[in-house]
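Below is one structure, written out as structure tokens; comments come after it.
The values are calculated or read from the model by the stated rules, or taken from the named source; none is laboratory data. It should be emphasised that the depicted structure is a prediction, and the values quoted were computed from it without experimental measurement. Reconstructed Cβ throughout: ideal geometry from the backbone, glycine too, with neighbour counts over all protein chains shown.
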Amino acid sequence: MIEEFALDAPELPPIGLSVVVPVYNGEATVALLVAALEALAPAGGIEIVLVNDGSPDKSAEICRALVGTARVPLVYVEHSRNFGEHNAVMTGLRVARGGHVITMDDDLQNPPEEVLKLYDHARLGGWDVVYTRYVVKEHAGWRNLGSRFANHVADLLLDKPKGLYLSSFRCMSAMAVRAVTRYHGPYPYIDGLLMQVTQRIDSIAVRHLPRAEGRSNYTLKRLVRLWLNLATSFSLFPLRLATIAGAIMAMLGTLGAIATILEALTRRNTPSGWASTMTVILLVSGVQSMILGVLGEYVGRTFLSANNKPQGNVRLIERSEAP
């Protein structure tokens with residue numbers, strides 16, 4: 001849940017493009033990113049939305065200083081604590097007023113000049129969503145492997161065009177943004193929401209640069225949490241997989257029981273069968289534990305949603321005086 005009163009904005013004229021940037025540990029790069037975006041001249045004008053997601057460094061001070069010096073409309077939104085990248089982007093989408101909205105990271109791995117290419121492709125082509133794909137992806141090997149795994153999982157769980165690469169550097173139409181921001185659950189997964197909204201989706205190739213400063217904020221723990229959001233928030237596939245696994249084990253157990261009875265009837269000196277018994281017990285108990293874990297994840301998320309766990313909480317919003 002978002003505190004709606006905190007997001008109430010004054011009536012402002014529409015703008016061509018809003019760029020939403022979730023900021024976390026971005027003190028070394030966010031000012032450079034804003035300067036590069038200010039130099040762009042997209043059709044209809046540009047607005048920059050910075051969402052500080054409880055960053056522990058000096059990102060807050062730098063972003064607030066940028067509000068006073070911005071040469072284009074700039075909105076600074078501050079979360080009261082860290083809620084996660086997708087939650088921060090959802091807050092930014094609610095504030096953005098562009099006819100199209102681009103989301104991008106604050107680490108300068110996405111060249112700002114690619115923003116115009118992405119925007120024009122979506123605007124002129126009439127696409128609701130345009131994703132980017134990287135010719136060469138400048139992430140660590142384990143991160144690239146994790147991204148490929150997440151995209152393969154998405155192929156199974158989401159109704160998305162086959163082979164579409166899901167990237168955080170994406171452009172959405174205002175219609176898609178309005179539909180996505182209707183979701184107020186505590187576990188948003190923006191790509192899953194977009195797949196439920198439209199199938200008018202395309203992708204383009206863009207450059208991807210090495211990280212300018214620091215290291216990625218996506219740890220293995222955060223990636224696993226993202227996969228869980230994907231798997232349990234927008235699909236019943238894990239439950240169905242658990243059901244199939246249980247059915248298979250039930251059939252194997254029935255076959256094992258028949259084989260044991262036949263063995264007892266046809267052989268006089270039937271071995272005690274300790275090894276086979278323990279193997280069956282361990283196998284069945286392992287599958288049961290997996291099924292209970294999947295069910296527990298769904299029940300836990302339902303419980304937290306019913307208890308109104310917040311999607312985000314806004315401490316303040318500041319707007320530049322640029323036209």
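Residues of the stretch 182-224 that are in a loop (DSSP other than H, G, I, E, B), at pLDDT 85 or above and over 14 Å from the mean Cα position of the chain (by Cα): Arg182, His184, Thr198, Gln199, Arg200, Arg207. Scan the stretch 66-76 and give yes if some residue there is among the basic types (Lys, Arg), farther than 24 Å from Cys171 by Cβ and out of contact with any Gly (no Cβ under 8 Å at 6 or more places or on another chain), otherwise no. No, there is no match, as no residue in the stretch 66-76 is among the basic types (Lys, Arg), farther than 24 Å from Cys171 by Cβ and out of contact with any Gly (no Cβ under 8 Å at 6 or more places or on another chain). Tallying residues that are outside any helix (DSSP H, G or I) and not β-branched (Val, Ile, Thr) within the stretch 52-72 yields 9. Here Glu85 meets the list (1) over 19 Å from the mean Cα position of the chain (by Cα); (2) over 17 Å from Gly16 (Cα atoms); (3) at pLDDT below 95 almost entirely, failing just condition (1).
Within the stretch 18-51, can you find the residues that are in a helix (DSSP H, G or I) and in contact (Cβ under 8 Å) with a residue 12 or more places away in the chain?
Looking only at the stretch 18-51, we keep the residues that are in a helix (DSSP H, G or I), and these are 30-38.
If the condition is that a residue be in a helix (DSSP H, G or I) and in contact (Cβ under 8 Å) with a residue 12 or more places away in the chain, then Val30, Ala31, Leu32, Leu33, Val34, Ala36, Leu37, Glu38 are the ones that fit.
For the stretch 9-58, the set of residues classified as farther than 18 Å from Val95 by Cβ and among the aliphatic types (A, V, I, L, M) consists of Ala28, Ala31, Leu32, Ala35, Ala36, Ala39, Leu40, Ala41, Ala43, listed by residue number.
Confirm whether Val72 is of a type in the set (Val, Ile, Thr) and under 18 Å from Arg315 (Cα atoms). The answer is no for Val72. Which ones in the stretch 1-31 are modelled with pLDDT of 95 or more and surrounded by fewer than 18 Cβ atoms within 10 Å (Cβ to Cβ)? Of everything in the stretch 1-31, those that are modelled with pLDDT of 95 or more and surrounded by fewer than 18 Cβ atoms within 10 Å (Cβ to Cβ) turn out to be Gly16, Ala31. Of all residue pairs spaced 6 or more apart or on separate chains, those with beta-carbon atoms under 9 Å, a first member in the stretch 287-299 that is farther than 24 Å from Met251 by Cα and a second member that is of a type in the set (Ser, Thr, Tyr) are Glu297/Thr232; Tyr298/Thr232.
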